[in-house]
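Enquirer: This is the structure, below, for whatever I ask next.
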Amino acid sequence: MPAAVIWLIFALVLAGAEALTGDMSLLMLSGGALAAAGSTWLLGWPVWANAAVFVAVSILLLIGVRPALRRRIAPAKGLPMGVAALEGKSALVLDRVARDEGQVKLDGQVWTARPFNDNDVYEPGERVTVMQIDGATAVVFKGV
């Protein structure tokens, strides 16, 4: 069997294995094997030269192409969604917020609220900041 065919089979096996991992490393090695197959077929180089082509091209692909490809494919870190988007927002106290009671208006909706520090009390009309959302309760704090 010609050496070019062996390198081509090796490239296809690596590309198939990449489909199982999704890490993009094996795909870069597959590119190196494809380059070695091409150098064998076009130039008729000896095995050691083709191995050098494989190593060189694989390293170049791993260093140069893989990071850009992973950035391109990775999901974008967009805006926070759901309750995470409410943290840090300002809210208006509707009913007195104390340890076990209170309501705030947050993004046009009325939320049950409790203070971040148990001893704090906020009166209606005060502006508070949502520190976190605990279930269906907004944990609020009034900054200085």
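The values are calculated or read from the model by the stated rules, or taken from the named source; none is laboratory data. All values derive from a computational prediction rather than experimental measurement. Cβ atoms come from the backbone with ideal geometry, glycine included; neighbour counts cover every protein chain shown. When the accessible area is computed, the model is the full protein with side chains, heavy atoms only, and any ligands, DNA or RNA have been set aside. Shrake-Rupley method; radii C 1.70, N 1.55, O 1.52, S 1.80 Å.
Enquirer: Do you know which residues across the stretch 85-102 are outside any strand (DSSP E or B) and either small (Gly, Ala, Ser) or touching a Cys at 6+ places or on another chain (Cβ under 6 Å) (or both)?
Expert: Pass one, the stretch 85-102, residues outside any strand (DSSP E or B): 85-89, 99-100.
Those that are outside any strand (DSSP E or B) and either small (Gly, Ala, Ser) or touching a Cys at 6+ places or on another chain (Cβ under 6 Å) (or both): ALA85, GLY88.
Enquirer: Same structure again: Residues that are at pLDDT below 95, exposed (fewer than 14 other Cβ atoms within 10 Å of the Cβ) and either in contact with a His (Cβ under 8 Å, 6 or more places away or on another chain) or in a helix (DSSP H, G or I) (or both): does the stretch 31-40 have at least one?
Expert: Scanning the stretch 31-40 turns up no residue that is at pLDDT below 95, exposed (fewer than 14 other Cβ atoms within 10 Å of the Cβ) and either in contact with a His (Cβ under 8 Å, 6 or more places away or on another chain) or in a helix (DSSP H, G or I) (or both).
Enquirer: I want to confirm something. Restricting to the stretch 1-30 and keeping residues that are of a type in the set (Gly, Ala, Ser) and more than 16 Å from LEU69 (Cβ to Cβ), which single residue is least open to solvent (accessible area, probe 1.4 Å)?
Expert: Across the stretch 1-30, the extreme among qualifying residues is ALA11.
Enquirer: Which of the residues that make up the stretch 88-112 are open to solvent by 70 Å² or more (accessible area, probe 1.4 Å) and among the aliphatic types (A, V, I, L, M)?
Expert: Passing the criteria: only VAL110.
Enquirer: Take the conditions touching a residue at least 24 places away in the same chain (Cβ under 8 Å), surrounded by 11 or more Cβ atoms within 10 Å (Cβ to Cβ) and more than 19 Å from the chain's Cα centre (by Cα) and apply them to LEU62. Does it pass?
Expert: It is true that LEU62 is touching a residue at least 24 places away in the same chain (Cβ under 8 Å), surrounded by 11 or more Cβ atoms within 10 Å (Cβ to Cβ) and more than 19 Å from the chain's Cα centre (by Cα).
Enquirer: A follow-up question, please. Can you tell me which residue among PRO80, PRO67 is closer than 30 Å to ASP107 by Cα and either under 30 Å from the mean Cα position of the chain (by Cα) or surrounded by 11 or more Cβ atoms within 10 Å (Cβ to Cβ) (or both)?
Expert: Details: PRO67 fails: closer than 30 Å to ASP107 by Cα.
Exactly one residue qualifies, and that residue is PRO80.
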